[in-house]
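Asks: Below is the structure I would like to discuss, written out as structure tokens.
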């Protein structure tokens, strides 16, 4: 075989194996919100795209593999530890996959690595949520996985129901409840390399670069850091008024108009007189591509100037 033919075959095989994992952040490497989360009778997002539903009390943390370990192959960097201190029925660790059409009417294979500090059984399930104004949820329960104190790979294949005759509303999704223990449980479960793909066979885990995975996560959640005193420029509307505004484009277009939160620890800096200001600020979610900041200084000026915000902005468009 010529070198050109070998290269073409290699590219073809890589393309066939790319983008097959429907789970985002299955390697647990992106953690924009932080690395430790306490959930007490609450639903909390943790490492990116993953949430904990806790009727009891659960701590979710991003952990780091010891370099050179071989129990989980290919030198992964991170895993998640799900530590249940007070269990209540229904507790689970989940991810919502955009669009209920995903895998509908097809066989799907879920694979993951897991271990626990005590033997425990989990029974994952899929929920087809048809969104606001759509049909009622359809729940599909899978086979069980018996998790032990040693890392092992689990492979579960199931049939996802057809959506024929269903009504799809807005913001529909397919939810996978992965850690859903079948008995009363206190202890910790470690989870790594989660993959969901079409078909009845599990293929090797799809490794993505951190930059690729981060961009996928930012469709649903992102923090736009201030990066110093002069991060977001705001333009004075006109002399004699005290309203300033400016639009900022997201690095990645979001799924929908985001819910925005402004870091209250920031302040406003006015130029040319370089004056810190504690006046009020607000955010407007203009579109999935950008947001607008509005600032009202505590003291009005008579000259036109630029104002800068050094506040972080949190944008949330999770399902």
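The values are calculated or read from the model by the stated rules, or taken from the named source; none is laboratory data. Keep in mind that what you see is a predicted model, and the values were worked out from it rather than measured. Don't worry about glycine lacking a Cβ; one is built from the backbone with ideal geometry, like all the others, and counts go over all protein chains shown.
Asks: Considering only residues that are loosely packed, with under 15 Cβ neighbours inside 10 Å and either in contact (Cβ under 8 Å) with a residue 40 or more places away in the chain or closer than 30 Å to residue 107 by Cβ (or both), which ones fall in the range 208-222? Reasoning before the result, please.
Replies: Pass one, the range 208-222, residues loosely packed, with under 15 Cβ neighbours inside 10 Å: 209-212.
Listed by number, the residues that qualify are 209, 210, 212.
Asks: Just wondering, is there one or more residues in the range 106-129 that are within 29 Å of residue 255 (Cβ to Cβ), over 23 Å from the mean Cα position of the chain (by Cα) and in contact (Cβ under 8 Å) with a residue 12 or more places away in the chain?
Replies: Yes, some residue in the range 106-129 is within 29 Å of residue 255 (Cβ to Cβ), over 23 Å from the mean Cα position of the chain (by Cα) and in contact (Cβ under 8 Å) with a residue 12 or more places away in the chain.
Asks: Kindly list the number of the only condition in (1) on the phi < 0 side of the Ramachandran plot; (2) surrounded by 16 or more Cβ atoms within 10 Å (Cβ to Cβ) that fails for residue 193.
Replies: For residue 193, the exception is condition (1).
Asks: Can you pull out every residue in the range 156-181 that is surrounded by fewer than 14 Cβ atoms within 10 Å (Cβ to Cβ) and either assigned to a strand (DSSP E or B) or modelled with pLDDT under 95 (or both)?
Replies: 170
Asks: Moving on to the next point. Restricting to strands (runs of 3 or more DSSP E) lying wholly in the range 208-293: which have 2 or more residues that are at pLDDT below 60?
Replies: Working: elements: 221-224, 232-236, 244-249, 259-262, 268-271, 275-277, 280-287.
By residue number, 268-271, 275-277.
Condition check ((1) over 22 Å from the mean Cα position of the chain (by Cα); (2) in the same structural domain as residue 73 (by TED's automatic domain parsing); (3) in contact (Cβ under 8 Å) with a residue 40 or more places away in the chain; (4) not in a loop (DSSP other than H, G, I, E, B)) across all residues:
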{"residue": "149", "(1), (2), (3), (4)": "yes, yes, no, no"}
{"residue": "183", "(1), (2), (3), (4)": "yes, yes, yes, no"}
{"residue": "188", "(1), (2), (3), (4)": "no, yes, yes, yes"}
{"residue": "193", "(1), (2), (3), (4)": "no, yes, yes, yes"}
{"residue": "202", "(1), (2), (3), (4)": "yes, yes, yes, no"}
